[in-house]
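Data block below; observations after.
Every number in this text was worked out from the coordinates using simple rules, so none of it is lab data. Fair warning: this is a prediction, and the values are worked out from it, not measured in the lab. Every residue, glycine among them, receives a Cβ derived from its backbone with ideal geometry; neighbour counts consider all protein chains shown.
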């Protein structure tokens with residue numbers, strides 16, 4: 001039985017990167033702002049839809065992460081992918097403000113069901129195989145497959161968009177189906193629960209959330225600050241991604257070229273993610289490097305107007321490529337198995353909370369002031385991440 005389990009876990013290492021590739025094939029999203037503008041939405045309305053997504057994730061992320069800890073990661077990955085397919089279908093079948101709002105809600109359900117679950121299953125796979133020290137390398141591989149898939153989808157989406165701006169959404173919907181079936185072949189040992197967890201779901205969630213709270217309060221590591229640091233960087237990078245699309249529209253960049261540039265953006269992020277294990281031990285250097293790269297980009301794009309400044313966006317892709325693998329590698333070895341997915345969901349929760357604070361003012365700035373001012377505005381939360389490092393809040397992770 002033990003050998004059979006090991007063989008099954010070995011299959012996970014082969015299947016999970018392809019799950020990442022299918023779930024990250026998002027041909028629509030490099031053109032999402034252009035598509036929504038073509039449907040009559042203002043920048044402020046576009047950012048409202050993103051706030052709906054973020055608020056929904058805030059409400060759902062930890063409960064669904066806890067459900068994954070209780071009922072199993074595979075089930076949540078399966079459910080999450082079904083929600084993703086439905087959300088994408090709404091974007092091209094109901095292309096109005098109300099349709100985008102509903103689509104973002106189901107997209108949030110999908111995201112909340114999957115976030116932290118995939119990386120938890122990957123870490124536990126390496127742990128059961130006795131190769132826990134290889135987790136960072138495997139996580140880098142997983143993230144690189146995701147970024148490469150996003151890059152490929154951007155190129156194909158660019159060509160599809162020349163036919164119709166609806167086509168990238170349909171292409172994303174079409175490719176998302178294989179992930180549902182790939183998830184079926186993943187292996188996870190049947191979770192054992194004590195009597196208290198056989199009660200109704202509300203009691204289970206309460207019990208599990210209390211375990212997470214106790215872990216955070218009693219841990220010698222200051223997890224709250226690492227989550228704030230990580231969430232701030234992620235929120236800034238997400239907003240940079242949306243500003244990149246506004247940048248494309250402002251300078252009327254050709255749709256095929258948008259796809260090609262988005263491809264390079266994602267590929268560079270994937271390449272860095274695949275190599276990030278080589279410098280994962282240099283904690284303080286990376287803590288400083290990530291917000292510094294973003295601040296350089298923000299200043300460059302905030303100072304002047306020129307389409308030739310696009311290469312500075314690659315500083316964000318490099319930051320993102322390093323950040324995910326680096327943060328996960330810091331956290332996983334210090335987290336208990338029975339609360340892993342729920343605790344990792346806090347990283348996403350902090351990201352969305354900070355995103356909500358940024359998004360609506362940013363949308364108003366884009367409609368009423370300028371793109372340059374939008375970049376300067378993003379510098380404020382990024383300086384907060386720099387302050388966290390400067391104040392020594394992350395010293396426990398040396």
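Within the set (i) 1.76; (ii) 0.95; (iii) 1.01, the number that Cα Rg over 2.2 N^0.38 Å takes when calculated for this structure is listed as (ii).
How far is helix 43-71 tilted off the main Cα axis of the chain, in degrees rounded to 10, range 0 to 90? Here the helix axis deviates by roughly 10 degrees.
Take the Cα of residue 224, step 7 Å toward its Cβ, do the same at residue 38, and the gap between the two points is 4.7 nm. Considering only alpha-carbon pairs that sit under 8 angstrom and 6 or more positions apart, the relative contact order computed for the range 30-171 is 27 percent.
Once both labels are positioned 7 Å from their Cα atoms along Cα-to-Cβ, the gap between residue 164 and residue 299 label points is 4.8 nm. Just 61, 367, 347 to compare: in a GNM of the chain, with alpha carbon springs under 10 Å, which one fluctuates most? Taking springs between Cα atoms under 10 Å, the residue moving most is 367. To the nearest ten degrees, helix 314-331 and the longest principal axis of the Cα atoms of the chain are 10 degrees apart.
Along the Cα-to-C-beta direction of residue 96, a point sits 7 Å from the Cα; which residues of the range 137-168 have their amide N less than 19 Å from that point? Once the point is set 7 Å along Cα→Cβ of residue 96, 166 turn out to lie under 19 Å by backbone N, inside the range 137-168. Computed from the C-beta positions of residue 283 and residue 373 and an R0 of 35 Å, the FRET efficiency is 0.55 to the nearest 0.05.
For the range 219-259, the equivalent ellipsoid built from the Cα gyration tensor has semi-axes of 36, 8, 4 Å, listed from largest to smallest.
Once the C-beta distance of residue 6 and residue 177 is scaled by a Förster radius of 35 Å, the resulting FRET efficiency is 0.70 to the nearest 0.05.
In this simple spin-label model, placing a label point 7 Å from the Cα along the Cα-to-Cβ direction at both residue 380 and residue 257 gives a separation of 3.3 nm.
As a length-normalised measure over Cα pairs under 8 Å and 6 or more apart, the relative contact order of the chain settles at 29 percent. Calculated FRET efficiency, residue 307 to residue 132, Cβ-Cβ distance, R0 = 35 Å: about 0.15 to the nearest 0.05. Protection proxy ranking, highest mean first, for peptides 92-103, 117-128, 240-251, 49-60: 117-128, 49-60, 240-251, 92-103, where packing is the per-residue count of other beta-carbon atoms within 10 Å, averaged. Against the chain, whose longest principal axis comes from its Cα atoms, helix 167-184 is set at around 10 degrees.
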